[in-house]
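The values are calculated or read from the model by the stated rules, or taken from the named source; none is laboratory data. Fair warning: this is a prediction, and the values are worked out from it, not measured in the lab. So basically every Cβ, Gly included, is an ideal-geometry build from the backbone, and we count neighbours across all protein chains shown.
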Amino acid sequence: MADHYNILFLCTGNSARSIMAEVILNHKGKGRFTAYSAGSHPTGQPRPEALQQIKSAGLSTAGLRSKSWDEFSGQGAPKLDFVFTVCDNAAKEQCPYWPGQPMTAHWGIADPAAVKGTPEEIGRAFRDAFTVLDRRIGLFLSLPLATLEDMAIKREIDQIGRS
């Protein structure tokens, strides 16, 4: 494996979970990883609650936008090493062809945008999703990718998705 990796986090709307994952990995994996996020049916803008959660963690929201996964499957797109779906809907969809055949895994995270309730309950749902993503990304970053064979990496990232 390489010493720098490009990772795409996918969700249907690309408004919350995938954007939070992009920010977390770009912060924690700076220098070794470049994270992107996209959706099969992007909403057009990140959820304000997701942006607030990112800011609450002391991370930047500069430049974040809701993007289509088409941006990452065409000519001129970055070569992807990993593609992680973070919502069950995106995991069931027919994904585009990813040049270079990156390793894929599903890391299902409950959708905080689907939560109805008080502002406190909604805020808690976004914090919970952020916390789960942060933990899984931390586990992923602890893998010795450069020394593992592809099948071992696949088993490990699938296991992380079940944690």
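Note on region 143-163: among residues that are among the aliphatic types (A, V, I, L, M) and under 15 Å from Y5 (Cα atoms), the one that is surrounded by the fewest Cβ atoms within 10 Å (Cβ to Cβ) is A146.
Screening G63 against (1) under 16 Å from Y36 (Cα atoms); (2) surrounded by 14 or more Cβ atoms within 10 Å (Cβ to Cβ); (3) not β-branched (V, I, T) leaves a single unmet condition, (2).
Conditions (1) assigned to a loop (DSSP other than H, G, I, E, B); (2) modelled with pLDDT of 95 or more; (3) among the acidic types (D, E), marked per residue:
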{"residue": "L64", "(1), (2), (3)": "yes, yes, no"}
{"residue": "Q94", "(1), (2), (3)": "yes, no, no"}
{"residue": "I109", "(1), (2), (3)": "yes, no, no"}
{"residue": "A125", "(1), (2), (3)": "no, yes, no"}
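In region 121-145, the residues that are under 19 Å from G58 (Cβ atoms) and touching a residue at least 60 places away in the same chain (Cβ under 8 Å) reach residues that are in a helix (DSSP H, G or I) and among the acidic types (D, E) with C-beta atoms within less than 6 angstrom, at least six apart or across chains, in these pairs: F126/E49. Restricted to region 10-42, and to residues there that are β-branched (V, I, T) and within 19 Å of A125 (Cα to Cα), the residue that is surrounded by the most Cβ atoms within 10 Å (Cβ to Cβ) is I19. Filtered by the rule that a residue be in a loop (DSSP other than H, G, I, E, B) and either within 9 Å of the chain's Cα centre (by Cα) or under 26 Å from P144 (Cα atoms) (or both), region 15-58 gives G29, K30, G31, R32.
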